[in-house]
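The values are calculated or read from the model by the stated rules, or taken from the named source; none is laboratory data. These figures come from a predicted structure and were not determined experimentally. Neighbour counts are summed over all protein chains in view; Cβ atoms, including those assigned to glycine, are modelled from backbone coordinates with ideal geometry. Protein only, heavy atoms only, side chains kept; ligands, DNA and RNA dropped before computing areas. Shrake-Rupley method; radii C 1.70, N 1.55, O 1.52, S 1.80 Å.
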Amino acid sequence: MGDWKLLEENLRGKGYTVETFPDRCAAAECIENQIGGRTVGIGGSVTVRELGLFEKLSKHNTVYWHEEPPENMTAMETRQAASRADIYIASVNGISLQGEIVNMDYTGNRVSAISFGPREVYLIIGRNKLAPDLPAALDRVKNVASPLNAKRLNRKTPCAVRGDRCYHCKSPEKICRNLSILLERPAGAEYHIILIDEDLGY
């Protein structure tokens with residue numbers, strides 16, 4: 001927990017609201033209790049699925065998540081509605097101990113909504129996402145998170161075959177298209193960082 005404590009201090013120093021939880025159940029319960037009667041957008045995230053947040057928040061909010069689109073909306077329309085929601089929830093692909101937050105996207109809906117649009121942003125981060133510095137966080141995104149996500153999504157890319165590392169491919173199905181680094185808290189929105197002392201997502 002020493003690194004978590006330092007990370008928490010560094011994130012607070014950058015202007016984020018930070019909460020730390022021992023496990024996913026405690027974090028999910030807290031988030032569910034904080035959000036009610038709102039429109040909520042969810043970015044593509046294994047971590048959010050592992051917390052069961054779509055099901056929990058849908059009980060008392062209008063939730064837009066392209067993995068569970070409403071019957072009258074396409075996945076792309078759902079992504080667009082999510083980016084215009086009051087609250088946006090996502091995870092991250094990597095974070096440095098200094099508090100620099102790194103994400104890689106395919107369509108760009110997640111990185112754009114995290115950076116601008118919603119009034120509040122929740123970023124849920126498991127301990128496996130932590131890297132000692134920004135170069136290591138970028139390396140994690142490139143050689144851990146992106147290959148595993150490509151494999152999960154059944155992309156026709158070299159990295160998806162083994163889910164082991166980046167092969168610097170030119171495949172039309174490559175998911176490494178939008179890179180975002182939050183060096184400090186973006187202005188104009190309230191950011192909640194949820195740190196969970198458990199391995200979550202990729």
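Things to note:
- Reported count of residues in region 44-66, each being of a type in the set (Gly, Ala, Ser) and modelled with pLDDT under 95, is 2.
- Breaking point among (1) open to solvent by less than 90 Å² (accessible area, probe 1.4 Å); (2) under 18 Å from Val111 (Cα atoms); (3) hydrophobic (A, V, I, L, M, F, W, C), for Leu179: (1)
- Of the helices (runs of 4 or more DSSP H) entirely within region 101-202, those holding at least 3 residues that are within 22 Å of Trp65 (Cβ to Cβ) occupy 109-115, 146-152.
- Positions within region 181-202 being among the hydrophobic types (A, V, I, L, M, F, W, C) and either modelled with pLDDT of 95 or more or closer than 26 Å to Asp23 by Cα (or both), in sequence order: Ile181, Leu182, Leu183, Ile193, Ile194, Leu195, Ile196, Leu200
- Residues in region 119-160 that are β-branched (Val, Ile, Thr) and within 25 Å of Leu183 (Cα to Cα) were compared, and the one that is surrounded by the fewest Cβ atoms within 10 Å (Cβ to Cβ) is Val144.
- The set of residues from region 91-109 being modelled with pLDDT of 95 or more and not hydrophobic (A, V, I, L, M, F, W, C) comprises Ser91, Asn93, Gly94, Ser96, Gln98, Gly99, Glu100, Asn103.
- Within region 33-68, the set of residues being of a type in the set (Val, Ile, Thr) and assigned to a helix (DSSP H, G or I) comprises Val46, Thr47, Val48.
- Every condition in (1) touching a residue at least 40 places away in the same chain (Cβ under 8 Å); (2) within 22 Å of Asn178 (Cα to Cα); (3) not hydrophobic (A, V, I, L, M, F, W, C) is met by Arg38 except one, and the failing one is (2).
- Scanning region 52-67 for residues that are open to solvent by 40 Å² or more (accessible area, probe 1.4 Å) and more than 26 Å from Val144 (Cβ to Cβ) yields Glu55, Lys56, Ser58, Lys59, His60, Thr62, Tyr64.
- Only one entry in Gly99, Gly163 is closer than 24 Å to Glu198 by Cα and crowded, with 21+ Cβ neighbours inside 10 Å, namely Gly99.
- Ala189 closer than 21 Å to Val46 by Cβ and either crowded, with 16+ Cβ neighbours inside 10 Å or in contact with a Pro (Cβ under 6 Å, 6 or more places away or on another chain) (or both): no
- Tally, over region 79-96, of residues that are more than 19 Å from Ile31 (Cβ to Cβ), buried (at least 22 other Cβ atoms within 10 Å of the Cβ) and free of Cβ contacts under 8 Å to residues at least 40 places away in the same chain: 1
- Per the conditions (1) surrounded by 22 or more Cβ atoms within 10 Å (Cβ to Cβ); (2) in contact with a Pro (Cβ under 6 Å, 6 or more places away or on another chain); (3) hydrophobic (A, V, I, L, M, F, W, C), the sole criterion not satisfied by Cys169 is (1).
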